[in-house]
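The next block holds one structure in the form of structure tokens; read it before the comments.
Every number here is computed from the coordinates shown, using simple stated rules; none is lab data. Being a predicted model, the structure only gives us computed values, none of them experimental. Positions of Cβ are generated from backbone atoms using ideal geometry, with glycine treated the same way; all protein chains shown enter the neighbour counts.
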């Protein structure tokens, strides 16, 4: 790619060091223009990937990373964008394929995409209250109401956290014999020795 | 005397317009044989014609990206089996190469050749299933039996190589779990002869079959521009006339050493997607034969990857330093330098991408999986409307997606 022409056209762009492809940090407000320019002038015609990254220690906290591909020259370029008030302009008008990727980034991180035609969740159900890929979200999950209210009313079913500790084949804390993965044999333990 | 009243075609059309009822909303899936897994389509129908199609996904979401952040790099290999579970070997290879790129490792030639063989066998396995169930979706049951016969032979070969038929977990960061078994390459060669015969048989059954043509030719054509705009990759992109293949255009794992052709479609309809997959099986066999012929000898794991790949078992049992290294690698995981990498491999379903952000240490900070099936399905709202309800089975089959990779 013509990196010199690119950085000249967008002087706010910062070039980052990378081991695999040209990488740039793009200003939030310029993102749509940058992606359009890369597609129309530099031939990056395919949006390979778009995803969010959570950096709780940084301000702004969330970043979005785009990977664009030039199918005639087989080149990639990576764009980093920092969110402003957890929001980034949507590029789905330029690459319609971004639509689902942006919905996923919203679903998993709570990043809003301004100008997105269909800002719904995609992998989790619409009423789900959390954004699971945020760093503070526990691996096991959090108890939430069952998505189908009519089923929950009859069965009392809830969406429960995954059994992590105390599961039959998961090691627990404390004594070494408890820490080993073991079948759930409760007939004896340290306090009540095997007879 | 009887009189004949002439009715113009315009009058008939106007009357039919008057009779038009309300649109109907129909739920297809998540348990429906044509949706190949747990895909749900929320459809709006005008009679038998689809007006709007809204795919609802996530029924197989397991949070693979979250899980990856909580374990070491090698521990994640079995999870990659469960992305595109019709070609687990190819996923293993793609993931290993992504991490190795981040670690700056160069694989020895034998390891690369074995990985290419794995990828191509996985491609044949995935395409055989894709073709078999596609034929079934369009009403031809026999083809499925032919292709599954061959897949069974492949599974036997996978089992010999990896110890598992289905969930192979064959690669490790910096190498493989084990070398090729004795005489295995010869058995792969035998398989190659057989699978070509089967593909010819399938060709005879389907390619000029009137029913199959009726159900696929001209159905849901995807133009070059549309395919690129939606980011389609793999056979679906090539069927639309874009000759882009990562094995050719961005070679990895030594693909540049092998000679093969990239089939490209013209119209991008369901029939073209079928033809591209048929030809890819033949080309994969061609690559496999070259790999078998030129299989290099030597180590099958990176020798310089001392801090990453487990030392040989015999040395762990007898030498102090290797024992310590083994212990550290198992408990803390291979130490990968800080940085970020994006790697895409040409998998049977399209480009499987891994974007890894590392802060150093044994656990990725963020691991993003770009599943080609996720992208292939995102085009449905654009291509399904205007087709008949019965065509949906044909369209879904031709896109050849797998939900394990779409929902992750």
Listed residues B:236, B:387, B:92, most fluctuating in chain B (Gaussian network, C-alpha, under 10 Å): B:387
Helix B:88-103 axis, angle to chain B major axis (alpha carbon atoms, nearest 10°): 50
Computed over region A:1-123, Cα set: Rg, Dmax in Å: 13.7, 39
Overall form of chain B per C-alpha gyration tensor (a/c, 1.5; a/b vs b/c): prolate
Region B:91-229, relative contact order in percent, only Cα pairs under 8 angstrom and at least six apart counted: 24
Surface/4 estimate of mean projected area, convex hull on alpha-carbon atoms of the protein assembly as shown, nm²: 37.5
Top of B:220, B:14, B:135 by mean-square fluctuation, Gaussian network on chain B, Cα under 10 Å: B:14
Residue exposure sequence - A:106, B:230, A:128 - by fewest surrounding Cβ within 10 Å: A:128, A:106, B:230
Estimated FRET transfer efficiency (residue A:17, residue B:25; beta-carbon r; R0 60 Å; 0.05): 0.70
Relative contact order for region B:1-72, counting Cα pairs under 8 Å that sit 6 or more residues apart, in percent: 20
Between region A:45-105 and region B:309-382, the Cα center-to-center distance that results, in Å: 22
Global geometry of region B:213-309, whether rounded, prolate or oblate, following the gyration tensor of its Cα atoms and the 1.5 cut on a/c: prolate
Packing rank of A:90-97, A:55-62, B:286-293, where each peptide gets the mean count of other beta carbons within 10 Å, highest leading: A:90-97, B:286-293, A:55-62
Calculated FRET value between residue B:45 and residue B:266, using beta carbons and R₀ = 35 Å, to 0.05: 0.70
For A:43-56, mean number of other protein chain Cβ atoms within 10 Å: 5
Per-residue average of Cβ from other chains inside 10 Å of A:92-101: 5
Alpha-carbon centroid distance for the pair region B:84-157 / region B:173-191, whole angstrom: 14
Gain in span if fully extended, residue A:40 to residue A:158, counting 0.36 nm per residue against the direct Cα distance: 37.5 nm
Whole-angstrom gap from region B:1-80 to region B:197-229, using each part's C-alpha centre: 21
Length added when fully stretched, residue B:203-residue B:18, from 0.36 nm per residue minus Cα-Cα: 62.0 nm
Relative contact order for chain B, counting Cα pairs under 8 Å that sit 6 or more residues apart, in percent: 25
Ranking of B:258, B:274 by count of other Cβ atoms within 10 Å, fewest first: B:258, B:274
GNM result for chain B, Cα springs below 10 Å: residue of B:234, B:194, B:353 fluctuating most strongly: B:194
Principal-axis tilt of helix B:320-332 within chain B, Cα atoms, nearest 10 degrees: 30
Segments A:15-23, B:164-172 sorted - mean Cβ within 10 Å per residue, highest first: B:164-172, A:15-23
Global geometry of region B:145-289, whether rounded, prolate or oblate, following the gyration tensor of its Cα atoms and the 1.5 cut on a/c: oblate
Cα→Cβ-extended label distance, 7 Å offset, between residue A:146 and residue B:4, nm: 6.6
Beta bridge orientation in the protein assembly as shown: antiparallel %, DSSP, nearest 5: 90
Cβ-based exposure ranking for A:36, B:366, B:110, B:123, in which fewest neighbours within 10 Å come first: A:36, B:110, B:366, B:123
Helix B:142-162 axis, angle to chain B major axis (alpha carbon atoms, nearest 10°): 10
